[in-house]
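Beneath this line is the structure, given in C-alpha cells, with notes to follow.
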Amino acid sequence: MILVAAGLVAGIVNAIAGGGTFFTFAALMATGLPPIGANATSAVSVLPGQVASALAYRRELAALGTKLIPLGIVSAFGGLAGGWLLLNSDNTAFQGLVPWLLLIATLLFAISPFIPVWLERARLQKGDLAQSALLPKGGALILQGLIAVYGGYFGAGMGIMMLAILPLVFGGNFHAANAAKNILAVLMQGLAVILFLASGFVRWPEAIIITVSSILGGWLGVIVAKLVTIDFIRYSVIVTGASLAFWYFVH
C-alpha cells in the first residue's frame, strides 16, 4: 500500500510540477530496500513516465533539430557514468550522501519558480531583447554533463537542474527547454537503467507496483490540477523533500 500510494502521488506531482522521485525513493527505502537497490528500482519505475513525457513533446523536439545532439551525447554518457558510480558505491557510503542529495534537490526545486525572473533580468542587463542564448555552448555542455552524472547516480531533482540551465541555452524559451529536458532525462537515465537491470539491484515486484500506480497517478494529475493549485503541489513537494532530508540526517 505504501508503494501504491507513492506511485500515485509521484505520478500526480510529476504531471503537475515534478519531484515525484522524492516519494518513490522514500517509499522504497521505507519498505526495507537498501539505498542503492531503492534508487535503482525507483529509476526503473519512473522511466516509462519520462518516455511518455518526451513523446508528448515530439513536435517541439523536431523543431530543435540538431541543437539537441551535443546535449544528448553528453547526457547519455554522463548518465552512464553516474549509474556506474552508483553500482560501485557502498550502501553505507551512499546512505550518508542521501540527505545531502535530497537537500540540494529540494533547494533547487524551491527556487525554480524564480528562474524565469532571473533570466529576464540577465537579458535586460545584457541589453539583449531577442531570444538569444545567455550561456556559451561549452559551458552548457559542461553543466549538462555534471547534471547527467547526478541524474544517473541519484536522479531526484535532475529535471529542476536542467530547467535551470536549458533556458540559458535556448534563449529563455521555456517550451523548448522543457521539451529538451524530457528527452535528455530519458537519455541520461535510460542508459543508467540498462546498467541497473544488468546488475540485479532492481526489485521487480516493487518496480511494477510503482510503475502501474504512477501511470494512474499521471492520469489523475489532470483531475487533481483542476482541484488544487500548482503552488499547493509545489509546497507539498518542498515540505516532503525537506522532511525527508531532515529524517535521513538524524537517522
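So the values come out like this:
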| item | result |
| --- | --- |
| In the range 9-25, the residues that are assigned to a helix (DSSP H, G or I) and either at pLDDT 90 or above or within 13 Å of the chain's Cα centre (by Cα) (or both) | Ala10, Gly11, Val13, Asn14, Ala15, Thr21, Phe22, Phe23, Thr24, Phe25 |
| Gly32 surrounded by fewer than 21 Cβ atoms within 10 Å (Cβ to Cβ), part of a loop (DSSP other than H, G, I, E, B) and over 12 Å from the mean Cα position of the chain (by Cα) | yes |
| Qualifying residues in the range 58-70 (those that are more than 19 Å from Ile165 (Cα to Cα) and not small (Gly, Ala, Ser)) - the one surrounded by the most Cβ atoms within 10 Å (Cβ to Cβ) | Arg58 |
| Matching residues in the range 88-102 - criterion: being surrounded by 18 or more Cβ atoms within 10 Å (Cβ to Cβ) and either aliphatic (A, V, I, L, M) or not in a helix (DSSP H, G or I) (or both) | Val98, Leu101, Leu102 |
| The range 202-215, residues that are modelled with pLDDT of 90 or more and not basic (Lys, Arg) | Val202, Trp204, Pro205, Glu206, Ala207, Ile208, Ile209, Ile210, Thr211, Val212, Ser213 |
| Residue within the range 224-237 that is closer than 20 Å to Leu3 by Cα, free of Cβ contacts under 8 Å to residues at least 40 places away in the same chain and not hydrophobic (A, V, I, L, M, F, W, C) present | no |
| Complete set of residues in the range 192-219 that are among the small types (Gly, Ala, Ser) and without any contact (Cβ under 8 Å) to a residue 24 or more places away in the chain | Ala198, Gly200 |
| Pairs where the first residue, in the range 48-67, is among the β-branched types (Val, Ile, Thr) and the second is surrounded by 12 or more Cβ atoms within 10 Å (Cβ to Cβ), C-beta under 8 Å, 6+ apart | Val51/Val186 |
| Criterion (outside any helix (DSSP H, G or I) and among the aromatic types (Phe, Trp, Tyr)) met by exactly one of Phe196, Phe232, Phe201 | Phe201 |
| Residue match in the range 174-191 (condition: surrounded by fewer than 16 Cβ atoms within 10 Å (Cβ to Cβ), in contact (Cβ under 8 Å) with a residue 60 or more places away in the chain and assigned to a helix (DSSP H, G or I)) | yes |
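The values are calculated or read from the model by the stated rules, or taken from the named source; none is laboratory data. The structure presented is a predicted model; accordingly, all values stated were derived computationally and were not measured. Heads up, the Cβs are rebuilt from the backbone with ideal geometry, glycines too, and the neighbour counts pull from every protein chain shown.
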